[in-house]
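Participant: Dumping the structure here so I can ask a few things about it.
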Ligand code: SF4
């Protein structure tokens, strides 16, 4: 398949995501601070994703360094915002995909892949030329450009996307993305138009489709309900929704009033009620952890060798 994101075209004026920086990433960097060579923090079988993705052997998760959001509560901040990780050549990225395949992972789960699409598409193409295929999960905050999504619609199999906010003021404060609500909703409509409901194989493993994650934020449960109502009106209730209660005040949220505490059961319950009342037919609801805080980094994941990738 032709690479829709050739490095020689993309990197001189990067507009891969809605930030539209237009910078030459060979010389400088834009909002995400990414250069023109792939950086990865760690990778391995991940057993904490939704069941159709983790399956028995784990989701083959690759945590890419850098991100086009700056969430003040980000659990992955050492690599998403502090940019820790190791620079990989295209050949090394192919080795990562090979390793995940060898470990019998059910998919290649690319976490925040957008800044690195030119190299990722190339590496997956090498695997496909060798007749090695796994479903590709595009695991994203939802802050994506519809032009980029359109260009890769034949390449990604599954979109695992967020609807993080319903109020632009919250998106501006928490992620420096005041246009997030509009952008993420448009992106989700495009994903849904291309892939539709989640399809699984005979073993219940996801092979194609869209799953929407909604992380319920402390003091902002109403925005999660707003997102559910928007989904019901504009997408329908057959989209699998993964309702998440795992918010933990990480990174700058520890010092930010209103963001410095976990979600409470009292806040979470109206959201689960709304999900049921609106008639969503598939999905998952996380329990609120009452006594154990959610693990912070790479939770429930076996890092693959070489673990040295974590060095940053
Ligand atoms: S991927 Fe990075 S450099 Fe490119 S447009 Fe987005 S934030 Fe800017």
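Participant: So which residues in the stretch 231-283 are farther than 30 Å from residue 82 by Cβ and under 20 Å from the mean Cα position of the chain (by Cα), if there are any at all?
Facilitator: 231, 235, 239, 240, 241, 282, 283, listed by residue number.
Participant: If you don't mind, there's one more thing I want to ask. Suppose the filter is crowded, with 24+ Cβ neighbours inside 10 Å and either out of contact with any strand residue (DSSP E or B) (no Cβ under 9 Å at 6 or more places or on another chain) or not in a helix (DSSP H, G or I) (or both); does residue 185 pass it?
Facilitator: no
Participant: Now for a different question. Test residue 127 against the stated conditions and say whether it is within 16 Å of the ligand (Cβ to nearest atom) and either closer than 20 Å to residue 207 by Cα or touching a helix residue (DSSP H, G or I) at 6+ places or on another chain (Cβ under 9 Å) (or both). Spell out how you get there, then give the answer.
Facilitator: Working: within 16 Å of the ligand (Cβ to nearest atom): no; either closer than 20 Å to residue 207 by Cα or touching a helix residue (DSSP H, G or I) at 6+ places or on another chain (Cβ under 9 Å) (or both): yes.
So residue 127 does not fit the description; no.
Participant: On to the next question. For the stretch 43-60, check the following and say yes or no: at least one residue is assigned to a loop (DSSP other than H, G, I, E, B), within 16 Å of the ligand (Cβ to nearest atom) and crowded, with 23+ Cβ neighbours inside 10 Å.
Facilitator: No, because not a single residue in the stretch 43-60 is assigned to a loop (DSSP other than H, G, I, E, B), within 16 Å of the ligand (Cβ to nearest atom) and crowded, with 23+ Cβ neighbours inside 10 Å.
Participant: So which of 94, 121, 23 is in contact with a helix residue (DSSP H, G or I) (Cβ under 6 Å, 6 or more places away or on another chain), at pLDDT 95 or above and more than 24 Å from residue 284 (Cβ to Cβ)?
Facilitator: Sole residue among the options that is in contact with a helix residue (DSSP H, G or I) (Cβ under 6 Å, 6 or more places away or on another chain), at pLDDT 95 or above and more than 24 Å from residue 284 (Cβ to Cβ): 94.
Participant: Here's something else I'd like to know. What are the residue pairs meeting all of these: first residue in the stretch 3-24, first residue over 17 Å from residue 68 (Cβ atoms), second residue more than 8 Å from the ligand (Cβ to nearest atom) and outside any helix (DSSP H, G or I), Cβ atoms under 7 Å, and 6 or more apart or on different chains?
Facilitator: That search, which allows pairs on different chains as well, returns 4/152; 7/36; 12/24; 12/26.
Participant: Which of the residues that make up the stretch 1-28 are buried (at least 17 other Cβ atoms within 10 Å of the Cβ), away from the ligand (no atom under 12 Å from the Cβ) and assigned to a loop (DSSP other than H, G, I, E, B)?
Facilitator: Matches in the stretch 1-28: 3, 4.
Participant: Could you check the stretch 259-280 and list, in sequence order, the residues that are loosely packed, with under 13 Cβ neighbours inside 10 Å and assigned to a loop (DSSP other than H, G, I, E, B)?
Facilitator: Residue satisfying the conditions is 279 alone.
Participant: Within the stretch 29-40, is there a residue that is out of contact with any helix residue (DSSP H, G or I) (no Cβ under 7 Å at 6 or more places or on another chain), away from the ligand (no atom under 16 Å from the Cβ) and touching a residue at least 60 places away in the same chain (Cβ under 8 Å)?
Facilitator: No: zero hits.
Participant: Just to be sure I understand, how many residues within the stretch 236-258 are surrounded by fewer than 19 Cβ atoms within 10 Å (Cβ to Cβ), without any contact (Cβ under 8 Å) to a residue 60 or more places away in the chain and assigned to a loop (DSSP other than H, G, I, E, B)?
Facilitator: Within the stretch 236-258, residues that are surrounded by fewer than 19 Cβ atoms within 10 Å (Cβ to Cβ), without any contact (Cβ under 8 Å) to a residue 60 or more places away in the chain and assigned to a loop (DSSP other than H, G, I, E, B) number 6.
Participant: Sticking with this one: Please indicate, with yes or no, whether at least one residue in the stretch 180-191 is closer than 24 Å to residue 85 by Cβ and at pLDDT 95 or above. I'd like the intermediate steps shown before the answer.
Facilitator: We begin by selecting, within the stretch 180-191, every residue closer than 24 Å to residue 85 by Cβ; these are none.
There is no residue in the stretch 180-191 that is closer than 24 Å to residue 85 by Cβ and at pLDDT 95 or above.
Participant: So is residue 139 under 18 Å from the mean Cα position of the chain (by Cα), outside any loop (DSSP other than H, G, I, E, B), within 16 Å of the ligand (Cβ to nearest atom) and surrounded by 15 or more Cβ atoms within 10 Å (Cβ to Cβ) or not?
Facilitator: Yes; evaluated as a whole, the condition is true for this residue.
Participant: State which residue is surrounded by the fewest Cβ atoms within 10 Å (Cβ to Cβ) when the search covers only the stretch 188-227 and only residues that are in contact with a strand residue (DSSP E or B) (Cβ under 7 Å, 6 or more places away or on another chain) and in a helix (DSSP H, G or I).
Facilitator: The extreme case among them is 195.
The values are calculated or read from the model by the stated rules, or taken from the named source; none is laboratory data. Quantities reported herein were computed from a predicted structural model and do not represent experimental measurements. Cβ coordinates were reconstructed from backbone atoms using ideal geometry, including for glycine residues, and neighbour counts include every protein chain displayed.
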